[in-house]
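Down below is the structure, laid out as C-alpha coordinates.
The values are calculated or read from the model by the stated rules, or taken from the named source; none is laboratory data. Predicted model only: the values in this text are computed from it and were never measured. Don't worry about glycine lacking a Cβ; one is built from the backbone with ideal geometry, like all the others, and counts go over all protein chains shown.
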(Lines give C-alpha, C1' and ligand atoms only; values in the text may rest on other atoms or scores of the structure.)
Protein backbone atom coordinates (compact mmCIF):
# COMPACT_ATOMS: atom_id res chain seq x y z
CA UNK A 1 0.00 0.00 0.00
CA UNK A 2 1.45 3.42 -1.01
CA UNK A 3 1.19 6.23 1.56
CA UNK A 4 0.85 10.02 1.07
CA UNK A 5 4.52 10.38 2.09
CA UNK A 6 5.52 8.21 -0.83
CA UNK A 7 3.35 10.37 -3.10
CA UNK A 8 5.17 13.46 -1.91
CA UNK A 9 8.51 11.91 -2.71
CA UNK A 10 7.23 10.96 -6.16
CA UNK A 11 6.18 14.56 -6.81
CA UNK A 12 9.56 15.92 -5.82
CA UNK A 13 11.39 13.43 -8.02
CA UNK A 14 9.28 14.21 -11.08
CA UNK A 15 8.77 17.92 -10.47
CA UNK A 16 11.43 19.05 -12.97
CA UNK A 17 10.23 16.80 -15.78
CA UNK A 18 6.45 16.47 -15.47
CA UNK A 19 4.75 18.06 -12.50
CA UNK A 20 1.23 17.38 -13.83
CA UNK A 21 1.91 13.72 -14.67
CA UNK A 22 3.33 13.12 -11.21
CA UNK A 23 0.30 14.72 -9.54
CA UNK A 24 -2.12 12.55 -11.54
CA UNK A 25 -0.11 9.45 -10.65
CA UNK A 26 -0.23 10.34 -6.99
CA UNK A 27 -3.97 10.98 -7.05
CA UNK A 28 -4.60 7.59 -8.63
CA UNK A 29 -2.37 5.94 -6.00
CA UNK A 30 -4.18 7.67 -3.11
CA UNK A 31 -7.59 6.65 -4.48
CA UNK A 32 -6.35 3.05 -4.93
CA UNK A 33 -4.97 3.04 -1.40
CA UNK A 34 -8.28 4.28 0.03
CA UNK A 35 -10.20 1.58 -1.83
CA UNK A 36 -7.88 -1.15 -0.53
CA UNK A 37 -8.12 0.20 3.03
CA UNK A 38 -11.93 0.39 2.85
CA UNK A 39 -12.10 -3.14 1.45
CA UNK A 40 -9.89 -4.43 4.26
CA UNK A 41 -12.05 -2.73 6.89
CA UNK A 42 -15.21 -4.24 5.38
CA UNK A 43 -13.60 -7.67 5.30
CA UNK A 44 -12.55 -7.36 8.96
CA UNK A 45 -16.04 -6.20 9.95
CA UNK A 46 -17.58 -9.15 8.09
CA UNK A 47 -15.33 -11.62 9.91
CA UNK A 48 -16.16 -9.96 13.24
CA UNK A 49 -19.90 -10.21 12.57
CA UNK A 50 -19.54 -13.89 11.72
CA UNK A 51 -17.67 -14.53 14.95
CA UNK A 52 -20.35 -12.73 16.95
CA UNK A 53 -23.41 -14.23 15.26
CA UNK A 54 -22.18 -17.78 14.70
CA UNK A 55 -23.00 -19.88 17.78
CA UNK A 56 -19.98 -21.53 19.35
CA UNK A 57 -20.20 -25.21 20.25
CA UNK A 58 -18.38 -25.37 23.56
CA UNK A 59 -16.55 -28.43 24.69
CA UNK A 60 -17.70 -30.14 27.82
CA UNK A 61 -16.48 -32.38 30.60
CA UNK A 62 -18.59 -35.02 28.82
CA UNK A 63 -15.57 -35.60 26.58
CA UNK A 64 -13.77 -37.20 29.53
CA UNK A 65 -15.72 -40.37 28.78
CA UNK A 66 -14.17 -40.61 25.32
CA UNK A 67 -10.63 -40.34 26.68
CA UNK A 68 -10.78 -43.49 28.80
CA UNK A 69 -7.60 -44.04 30.79
CA UNK A 70 -5.87 -41.21 28.86
CA UNK A 71 -7.46 -38.39 30.84
CA UNK A 72 -5.05 -35.45 30.54
CA UNK A 73 -6.64 -32.35 31.99
CA UNK A 74 -4.83 -29.90 29.72
CA UNK A 75 -6.10 -31.79 26.65
CA UNK A 76 -9.78 -31.36 27.51
CA UNK A 77 -10.93 -28.16 25.77
CA UNK A 78 -13.70 -26.11 27.35
CA UNK A 79 -12.94 -26.69 31.04
CA UNK A 80 -12.97 -23.58 33.20
CA UNK A 81 -10.11 -22.98 35.64
CA UNK A 82 -11.84 -24.58 38.64
CA UNK A 83 -12.70 -27.71 36.64
CA UNK A 84 -9.14 -27.99 35.36
CA UNK A 85 -7.73 -27.61 38.88
CA UNK A 86 -10.04 -30.32 40.24
CA UNK A 87 -9.14 -32.52 37.28
CA UNK A 88 -5.43 -32.17 38.00
CA UNK A 89 -5.87 -32.68 41.74
CA UNK A 90 -8.10 -35.78 41.52
CA UNK A 91 -7.05 -37.99 38.58
CA UNK A 92 -8.74 -41.03 40.17
CA UNK A 93 -12.05 -39.17 40.34
CA UNK A 94 -11.72 -38.10 36.72
CA UNK A 95 -11.24 -41.74 35.78
CA UNK A 96 -14.46 -42.63 37.61
CA UNK A 97 -16.30 -39.75 35.89
CA UNK A 98 -15.04 -41.00 32.53
CA UNK A 99 -16.39 -44.49 33.18
CA UNK A 100 -19.65 -42.98 34.41
CA UNK A 101 -19.96 -40.93 31.21
CA UNK A 102 -20.03 -44.10 29.12
CA UNK A 103 -22.78 -45.47 31.36
CA UNK A 104 -25.10 -42.46 31.25
CA UNK A 105 -24.66 -42.07 27.49
CA UNK A 106 -25.68 -45.73 27.05
CA UNK A 107 -28.67 -45.08 29.30
CA UNK A 108 -29.64 -42.00 27.29
CA UNK A 109 -29.46 -44.01 24.07
CA UNK A 110 -31.53 -46.78 25.65
CA UNK A 111 -34.26 -44.37 26.70
CA UNK A 112 -34.51 -42.80 23.22
CA UNK A 113 -33.73 -45.85 21.08
CA UNK A 114 -37.22 -45.75 19.53
CA UNK A 115 -37.33 -41.99 18.88
CA UNK A 116 -36.24 -39.78 16.02
CA UNK A 117 -33.67 -38.18 18.29
CA UNK A 118 -31.82 -41.14 19.74
CA UNK A 119 -29.12 -39.44 21.81
CA UNK A 120 -26.56 -39.95 19.06
CA UNK A 121 -22.96 -39.00 19.79
CA UNK A 122 -20.25 -37.93 17.38
CA UNK A 123 -17.03 -39.96 17.28
CA UNK A 124 -13.81 -38.09 18.09
CA UNK A 125 -15.73 -34.85 18.62
CA UNK A 126 -14.99 -32.92 21.80
CA UNK A 127 -18.57 -31.61 21.92
CA UNK A 128 -19.85 -35.25 22.13
CA UNK A 129 -23.35 -34.36 20.86
CA UNK A 130 -22.44 -31.70 18.33
CA UNK A 131 -24.68 -28.71 17.70
CA UNK A 132 -27.81 -30.43 19.04
CA UNK A 133 -26.99 -29.12 22.52
CA UNK A 134 -26.85 -25.49 21.33
CA UNK A 135 -30.63 -25.38 21.31
CA UNK A 136 -32.20 -25.03 24.78
CA UNK A 137 -34.66 -27.84 24.04
CA UNK A 138 -36.15 -30.57 26.18
CA UNK A 139 -33.55 -33.00 24.75
CA UNK A 140 -30.81 -30.74 26.09
CA UNK A 141 -32.59 -30.61 29.45
CA UNK A 142 -32.62 -34.41 29.59
CA UNK A 143 -28.93 -34.73 28.64
CA UNK A 144 -27.85 -32.32 31.36
CA UNK A 145 -29.98 -34.13 33.95
CA UNK A 146 -28.88 -37.66 33.00
CA UNK A 147 -25.22 -36.64 32.73
CA UNK A 148 -25.26 -35.07 36.17
CA UNK A 149 -27.00 -38.13 37.58
CA UNK A 150 -24.33 -40.27 35.92
CA UNK A 151 -21.53 -38.36 37.67
CA UNK A 152 -23.19 -38.67 41.08
CA UNK A 153 -23.86 -42.37 40.53
CA UNK A 154 -20.33 -43.14 39.31
CA UNK A 155 -18.58 -41.28 42.11
CA UNK A 156 -20.81 -42.75 44.81
CA UNK A 157 -20.21 -46.27 43.52
CA UNK A 158 -16.45 -45.70 43.24
CA UNK A 159 -16.39 -44.52 46.86
CA UNK A 160 -18.08 -47.68 48.11
CA UNK A 161 -15.78 -49.90 46.05
CA UNK A 162 -12.67 -48.27 47.53
CA UNK A 163 -11.46 -46.87 44.20
CA UNK A 164 -11.04 -43.26 45.36
CA UNK A 165 -8.56 -41.74 47.77
CA UNK A 166 -10.92 -38.97 48.87
CA UNK A 167 -13.79 -41.07 50.20
CA UNK A 168 -15.04 -44.49 51.23
CA UNK A 169 -18.28 -45.68 52.83
CA UNK A 170 -20.69 -43.15 54.31
CA UNK A 171 -19.17 -42.26 57.71
CA UNK A 172 -22.50 -40.99 59.07
CA UNK A 173 -24.10 -44.43 59.00
CA UNK A 174 -22.83 -45.72 62.36
CA UNK A 175 -24.47 -47.02 65.54
CA UNK A 176 -28.15 -47.86 65.86
CA UNK A 177 -31.20 -46.56 64.06
CA UNK A 178 -34.77 -47.64 63.33
CA UNK A 179 -37.36 -47.80 60.58
CA UNK A 180 -40.98 -48.96 60.35
CA UNK A 181 -39.86 -52.53 61.09
CA UNK A 182 -38.03 -51.62 64.27
CA UNK A 183 -34.45 -51.03 65.33
CA UNK A 184 -31.35 -52.10 63.43
CA UNK A 185 -27.59 -51.65 63.46
CA UNK A 186 -25.79 -49.74 60.76
CA UNK A 187 -23.28 -52.05 59.12
CA UNK A 188 -21.83 -53.04 55.81
CA UNK A 189 -20.84 -50.19 53.50
CA UNK A 190 -23.45 -47.51 52.94
CA UNK A 191 -23.10 -45.64 49.64
CA UNK A 192 -21.60 -42.21 50.31
CA UNK A 193 -23.94 -40.28 48.00
CA UNK A 194 -23.29 -36.97 49.78
CA UNK A 195 -19.70 -37.08 48.52
CA UNK A 196 -20.87 -37.77 44.96
CA UNK A 197 -23.30 -34.86 45.08
CA UNK A 198 -20.78 -32.46 46.62
CA UNK A 199 -18.04 -33.17 44.08
CA UNK A 200 -20.54 -32.98 41.21
CA UNK A 201 -21.61 -29.53 42.44
CA UNK A 202 -18.00 -28.36 42.62
CA UNK A 203 -16.94 -29.81 39.27
CA UNK A 204 -19.95 -29.88 36.93
CA UNK A 205 -21.64 -26.70 38.13
CA UNK A 206 -18.43 -24.63 38.03
CA UNK A 207 -18.89 -23.56 34.41
CA UNK A 208 -22.57 -22.67 34.75
CA UNK A 209 -22.00 -20.63 37.91
CA UNK A 210 -19.29 -18.67 36.12
CA UNK A 211 -21.46 -17.77 33.10
CA UNK A 212 -24.60 -16.68 34.99
CA UNK A 213 -26.85 -16.30 31.94
CA UNK A 214 -30.29 -17.71 31.09
CA UNK A 215 -28.92 -20.93 29.61
CA UNK A 216 -26.63 -21.44 32.62
CA UNK A 217 -29.63 -21.04 34.94
CA UNK A 218 -31.52 -23.65 32.91
CA UNK A 219 -28.58 -26.05 33.06
CA UNK A 220 -28.19 -25.63 36.83
CA UNK A 221 -31.89 -26.33 37.32
CA UNK A 222 -31.78 -29.52 35.26
CA UNK A 223 -28.52 -30.57 36.92
CA UNK A 224 -30.30 -30.45 40.25
CA UNK A 225 -33.07 -32.69 38.91
CA UNK A 226 -30.43 -35.20 37.87
CA UNK A 227 -28.66 -35.44 41.21
CA UNK A 228 -31.92 -35.62 43.17
CA UNK A 229 -33.10 -38.46 40.91
CA UNK A 230 -30.19 -40.63 42.09
CA UNK A 231 -30.85 -39.78 45.74
CA UNK A 232 -34.54 -40.57 45.26
CA UNK A 233 -33.75 -44.24 44.62
CA UNK A 234 -31.48 -44.88 47.59
CA UNK A 235 -32.70 -48.02 49.36
CA UNK A 236 -32.26 -49.45 52.83
CA UNK A 237 -30.88 -52.97 52.47
CA UNK A 238 -30.67 -55.29 55.46
CA UNK A 239 -29.31 -58.65 56.49
CA UNK A 240 -31.13 -60.66 59.11
CA UNK A 241 -29.45 -62.35 62.08
CA UNK A 242 -30.95 -64.77 64.54
CA UNK A 243 -32.12 -68.37 64.91
CA UNK A 244 -33.07 -69.89 61.52
CA UNK A 245 -32.64 -66.55 59.81
CA UNK A 246 -35.22 -64.75 61.94
CA UNK A 247 -34.91 -60.99 61.96
CA UNK A 248 -34.51 -60.51 65.69
CA UNK A 249 -31.37 -58.59 64.79
CA UNK A 250 -30.75 -56.66 61.60
CA UNK A 251 -27.70 -55.05 60.05
CA UNK A 252 -28.58 -52.45 57.42
CA UNK A 253 -26.91 -50.09 54.97
CA UNK A 254 -27.98 -47.55 52.36
CA UNK A 255 -27.43 -48.47 48.71
CA UNK A 256 -28.22 -46.95 45.33
CA UNK A 257 -30.67 -48.69 43.02
CA UNK A 258 -29.80 -49.75 39.49
CA UNK A 259 -29.14 -46.74 37.25
CA UNK A 260 -31.97 -47.83 34.96
CA UNK A 261 -34.46 -46.61 37.57
CA UNK A 262 -32.89 -43.16 37.43
CA UNK A 263 -33.01 -43.24 33.63
CA UNK A 264 -36.67 -44.29 33.61
CA UNK A 265 -37.54 -41.55 36.11
CA UNK A 266 -35.78 -38.80 34.13
CA UNK A 267 -37.38 -40.08 30.93
CA UNK A 268 -40.78 -39.49 32.52
CA UNK A 269 -39.60 -36.04 33.56
CA UNK A 270 -38.63 -35.41 29.93
CA UNK A 271 -42.19 -36.25 28.85
CA UNK A 272 -43.54 -33.73 31.35
CA UNK A 273 -40.84 -31.07 30.86
CA UNK A 274 -42.13 -27.49 31.08
CA UNK A 275 -41.29 -24.72 28.63
CA UNK A 276 -40.30 -21.57 30.49
CA UNK A 277 -39.01 -18.03 30.01
CA UNK A 278 -36.82 -15.95 32.30
CA UNK A 279 -38.69 -13.83 34.82
CA UNK A 280 -38.21 -10.07 34.82
CA UNK A 281 -35.44 -9.91 37.40
CA UNK A 282 -33.52 -12.79 35.80
CA UNK A 283 -33.50 -14.85 38.98
CA UNK A 284 -35.83 -17.64 37.95
CA UNK A 285 -38.38 -18.92 35.46
CA UNK A 286 -41.91 -18.10 34.41
CA UNK A 287 -44.03 -20.62 32.55
CA UNK A 288 -44.15 -19.87 28.80
CA UNK A 289 -47.78 -20.96 28.44
CA UNK A 290 -50.07 -19.56 31.12
CA UNK A 291 -52.41 -22.55 30.70
CA UNK A 292 -49.76 -24.89 32.12
CA UNK A 293 -48.74 -25.27 35.74
CA UNK A 294 -45.62 -23.59 37.08
CA UNK A 295 -42.36 -25.48 37.03
CA UNK A 296 -41.12 -26.87 40.34
CA UNK A 297 -37.62 -27.86 41.40
CA UNK A 298 -38.46 -31.43 40.39
CA UNK A 299 -39.39 -30.58 36.78
CA UNK A 300 -37.10 -30.45 33.77
CA UNK A 301 -37.31 -27.05 32.06
CA UNK A 302 -36.43 -25.81 28.58
CA UNK A 303 -36.66 -22.57 26.55
CA UNK A 304 -36.92 -23.60 22.88
CA UNK A 305 -39.07 -26.01 20.91
CA UNK A 306 -37.29 -29.06 19.51
CA UNK A 307 -36.67 -29.56 15.78
CA UNK A 308 -38.56 -32.52 14.29
CA UNK A 309 -35.26 -34.40 13.71
CA UNK A 310 -36.68 -35.84 10.47
CA UNK A 311 -34.01 -34.47 8.14
CA UNK A 312 -30.30 -33.96 8.47
CA UNK A 313 -29.88 -30.37 9.58
CA UNK A 314 -26.36 -29.28 10.43
CA UNK A 315 -27.54 -26.04 12.01
CA UNK A 316 -29.90 -27.81 14.42
CA UNK A 317 -27.53 -30.74 14.96
CA UNK A 318 -30.09 -33.20 13.59
CA UNK A 319 -28.79 -36.37 11.95
CA UNK A 320 -32.16 -37.19 10.39
CA UNK A 321 -33.84 -40.60 10.37
CA UNK A 322 -32.72 -41.91 6.97
CA UNK A 323 -31.58 -45.52 7.38
CA UNK A 324 -33.06 -45.90 10.87
CA UNK A 325 -34.68 -49.26 11.64
CA UNK A 326 -38.42 -49.01 12.26
CA UNK A 327 -41.33 -51.27 13.18
CA UNK A 328 -43.77 -51.78 10.33
CA UNK A 329 -46.79 -52.55 12.52
CA UNK A 330 -46.16 -50.22 15.47
CA UNK A 331 -48.24 -47.06 15.86
CA UNK A 332 -45.78 -45.61 18.37
CA UNK A 333 -42.66 -43.49 17.94
CA UNK A 334 -40.74 -46.54 16.68
CA UNK A 335 -43.29 -47.19 13.92
CA UNK A 336 -42.23 -46.62 10.33
CA UNK A 337 -44.89 -43.96 9.76
CA UNK A 338 -43.65 -41.80 12.64
CA UNK A 339 -39.93 -42.62 12.50
CA UNK A 340 -39.68 -42.10 8.74
CA UNK A 341 -41.71 -38.86 8.82
CA UNK A 342 -43.99 -40.07 6.03
CA UNK A 343 -41.13 -40.72 3.55
CA UNK A 344 -41.73 -44.46 3.45
CA UNK A 345 -39.35 -47.31 4.17
CA UNK A 346 -37.29 -50.00 2.48
CA UNK A 347 -37.55 -53.67 3.40
CA UNK A 348 -34.57 -56.02 3.38
CA UNK A 349 -34.70 -59.75 4.11
CA UNK A 350 -31.79 -60.83 6.30
CA UNK A 351 -30.71 -64.12 7.86
CA UNK A 352 -29.68 -64.14 11.51
CA UNK A 353 -27.94 -66.74 13.64
CA UNK A 354 -29.55 -67.04 17.06
CA UNK A 355 -29.22 -69.29 20.11
CA UNK A 356 -32.09 -71.78 20.38
CA UNK A 357 -33.21 -74.98 22.10
CA UNK A 358 -31.12 -74.16 25.16
CA UNK A 359 -30.90 -76.87 27.84
CA UNK A 360 -29.45 -76.90 31.32
CA UNK A 361 -26.90 -79.64 32.00
CA UNK A 362 -25.85 -80.74 35.47
CA UNK A 363 -23.71 -79.09 36.73
CA UNK A 364 -23.59 -76.16 35.78
CA UNK A 365 -23.80 -75.31 32.11
CA UNK A 366 -26.37 -74.21 29.57
CA UNK A 367 -25.91 -75.56 26.07
CA UNK A 368 -27.70 -74.10 23.05
CA UNK A 369 -27.97 -74.84 19.37
CA UNK A 370 -27.43 -72.24 16.69
CA UNK A 371 -30.49 -71.64 14.56
CA UNK A 372 -31.00 -69.58 11.44
CA UNK A 373 -33.99 -67.32 11.09
CA UNK A 374 -34.96 -65.09 8.20
CA UNK A 375 -36.57 -61.78 9.09
CA UNK A 376 -37.61 -58.59 7.33
CA UNK A 377 -35.79 -55.43 8.41
CA UNK A 378 -37.46 -52.11 7.65
CA UNK A 379 -35.39 -48.93 7.32
CA UNK A 380 -36.47 -45.35 6.65
CA UNK A 381 -36.03 -44.01 3.14
CA UNK A 382 -33.70 -41.09 2.59
CA UNK A 383 -35.37 -37.77 1.67
CA UNK A 384 -35.41 -36.56 -1.88
CA UNK A 385 -32.30 -34.59 -2.76
CA UNK A 386 -34.06 -31.22 -3.08
CA UNK A 387 -35.73 -31.73 0.27
CA UNK A 388 -32.39 -32.60 1.89
CA UNK A 389 -30.61 -29.60 0.40
CA UNK A 390 -33.14 -27.24 1.94
CA UNK A 391 -32.01 -28.34 5.40
CA UNK A 392 -28.22 -28.34 4.98
What tally of residues in the stretch 182-196 results from selecting those that are buried (at least 19 other Cβ atoms within 10 Å of the Cβ) and part of a helix (DSSP H, G or I)? 3
Is it the case that residue 191 is assigned by TED's automatic domain parsing to the domain that holds residue 230 and over 29 Å from residue 315 (Cβ atoms)? yes
Can residue 173 be described as in a strand (DSSP E or B) and over 29 Å from the mean Cα position of the chain (by Cα)? no
Tell me whether the stretch 289-305 contains one or more residues that are under 23 Å from residue 122 (Cβ atoms), in contact with a helix residue (DSSP H, G or I) (Cβ under 6 Å, 6 or more places away or on another chain) and in the same structural domain as residue 110 (by TED's automatic domain parsing). yes
Quickly run through the stretch 99-116 and pick out the residues that are more than 17 Å from residue 226 (Cβ to Cβ) and either surrounded by 21 or more Cβ atoms within 10 Å (Cβ to Cβ) or under 13 Å from the mean Cα position of the chain (by Cα) (or both). 116
In the stretch 317-337, what residues are closer than 26 Å to residue 266 by Cβ and surrounded by fewer than 19 Cβ atoms within 10 Å (Cβ to Cβ)? 325, 327, 330, 331, 332, 333, 334, 335
Within the stretch 215-231, count every residue that is out of contact with any strand residue (DSSP E or B) (no Cβ under 8 Å at 6 or more places or on another chain) and either buried (at least 22 other Cβ atoms within 10 Å of the Cβ) or closer than 14 Å to residue 146 by Cβ (or both). 8
Taking the stretch 296-319, which residues are over 21 Å from residue 229 (Cβ atoms) and over 18 Å from the mean Cα position of the chain (by Cα)? 308, 310, 311, 312, 313
Quick check on the stretch 239-262. Is at least one of its residues in the same structural domain as residue 142 (by TED's automatic domain parsing), in contact with a strand residue (DSSP E or B) (Cβ under 6 Å, 6 or more places away or on another chain), surrounded by 15 or more Cβ atoms within 10 Å (Cβ to Cβ) and over 30 Å from residue 185 (Cβ atoms)? no
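Can you report the number of residues in the stretch 335-389 which are assigned to a helix (DSSP H, G or I) and under 31 Å from the mean Cα position of the chain (by Cα)?
So the answer is 8.
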Only listed residue being farther than 22 Å from residue 106 by Cα and touching a residue at least 60 places away in the same chain (Cβ under 8 Å), chosen from 220, 249, 211, 236: 249
Does at least one position in the stretch 303-323 carry a residue that is assigned to a loop (DSSP other than H, G, I, E, B), free of Cβ contacts under 8 Å to residues at least 24 places away in the same chain and out of contact with any strand residue (DSSP E or B) (no Cβ under 6 Å at 6 or more places or on another chain)? no
More than 26 Å from residue 122 (Cβ to Cβ), loosely packed, with under 13 Cβ neighbours inside 10 Å, in contact with a strand residue (DSSP E or B) (Cβ under 7 Å, 6 or more places away or on another chain) and at pLDDT below 95: is that true of residue 363 in this structure? no
Flag if residue 286 is part of a loop (DSSP other than H, G, I, E, B), touching a strand residue (DSSP E or B) at 6+ places or on another chain (Cβ under 7 Å) and surrounded by 12 or more Cβ atoms within 10 Å (Cβ to Cβ): no
